[in-house]
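Quick notes on the structure that follows.
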Amino acid sequence: LGGDCEDDNNVSSETGAEAGGANTDETSSSTTPYELITTGHSLGAADAVLLGATLHLQYPNENITSINFGCPKVGNTEFSVWMDTLQPDKGGQMMSLSADSNNSNKERGSFEIFRFVNKLDLVPRLPELLFKHVGHTLQMSIGGEIKAYYDHLGNENLGYSGVPFGWDAAPFALFP
């Protein structure tokens, strides 16, 4: 980006492989393993969730993980349901919103979210109205054990519990 973009004399028609470098167009055939991980704290955690969703739409066959801390609620109910269907244990139940139909024969990727929450932090309980959490909630407390809540709301069919009644902001503000 630092050069003269209008100088046609410096333009090369060689691909990266022809010039002796790696061909960046062949990322899907790369033998080097990699992981797509997003992370953040508070507002950055919400950004990490949204970035992970965007990466999933762009690369629907990749497994993406978001590990965040103190994440506020990010989307509405429909968004939350869609995001939770991207979890690895629910693979293939709902097609990605991606319009890429050429990859229908390949295995679908997943998007897994782990939200670490301090038991006394109010930010992850906000905003109250119309917004829902996505992913797994891991609640930490000083000197206590970490409590994990499957898809935040739990799953009775699998025997996993959700966050306890009164976890939201209104009861928390009155009786922490």
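Any residue in region 49-59 that is of a type in the set (Gly, Ala, Ser) and either at pLDDT 80 or above or touching a helix residue (DSSP H, G or I) at 6+ places or on another chain (Cβ under 8 Å) (or both)?
Let us first name the residues in region 49-59 that are of a type in the set (Gly, Ala, Ser), namely 52-53.
Filter once more, so that each one left must be either at pLDDT 80 or above or touching a helix residue (DSSP H, G or I) at 6+ places or on another chain (Cβ under 8 Å) (or both): 52-53.
Within region 49-59, one or more residues are of a type in the set (Gly, Ala, Ser) and either at pLDDT 80 or above or touching a helix residue (DSSP H, G or I) at 6+ places or on another chain (Cβ under 8 Å) (or both).
Regarding Tyr149, is this residue surrounded by fewer than 16 Cβ atoms within 10 Å (Cβ to Cβ) and without any contact (Cβ under 8 Å) to a residue 40 or more places away in the chain?
Working: surrounded by fewer than 16 Cβ atoms within 10 Å (Cβ to Cβ): no; without any contact (Cβ under 8 Å) to a residue 40 or more places away in the chain: yes.
So Tyr149 does not fit the description; no.
Name, by its number, the condition in (1) more than 13 Å from the chain's Cα centre (by Cα); (2) open to solvent by less than 30 Å² (accessible area, probe 1.4 Å); (3) modelled with pLDDT of 65 or more that does not hold for Ser96.
(3)
Looking at region 123-135, I want the residues that are open to solvent by 70 Å² or more (accessible area, probe 1.4 Å) and have a partner that is modelled with pLDDT of 85 or more and not in a loop (DSSP other than H, G, I, E, B) with Cβ atoms under 6 Å, at least 6 apart or on another chain. Which pairs are those?
Qualifying pairs under 6 Å: Lys132/Thr77; Lys132/Ser80.
Looking at (1) in contact (Cβ under 8 Å) with a residue 12 or more places away in the chain; (2) part of a loop (DSSP other than H, G, I, E, B), which is the one condition that is false for Phe114?
In the conditions (1) in contact (Cβ under 8 Å) with a residue 12 or more places away in the chain; (2) part of a loop (DSSP other than H, G, I, E, B), Phe114 misses (2) alone.
In region 51-72, which residues are open to solvent by 80 Å² or more (accessible area, probe 1.4 Å) and among the polar types (S, T, N, Q)?
First pass over region 51-72, keeping only residues open to solvent by 80 Å² or more (accessible area, probe 1.4 Å): 51, 54, 58-59, 63, 69.
Correct list: Thr54, Gln58, Asn63.
Can you report the number of residues in region 73-93 which are in contact with a Leu (Cβ under 8 Å, 6 or more places away or on another chain) and crowded, with 19+ Cβ neighbours inside 10 Å?
Residues that pass the stated criteria total 2.
The values are calculated or read from the model by the stated rules, or taken from the named source; none is laboratory data. Just so you know, these numbers come straight off a predicted model, no measurement behind them. Cβ sites come from the backbone with ideal geometry, for glycine too, and all protein chains shown count toward neighbours. These area figures cover heavy atoms from the full protein model, side chains too; ligands, DNA and RNA do not enter into them. Shrake-Rupley method; radii C 1.70, N 1.55, O 1.52, S 1.80 Å.
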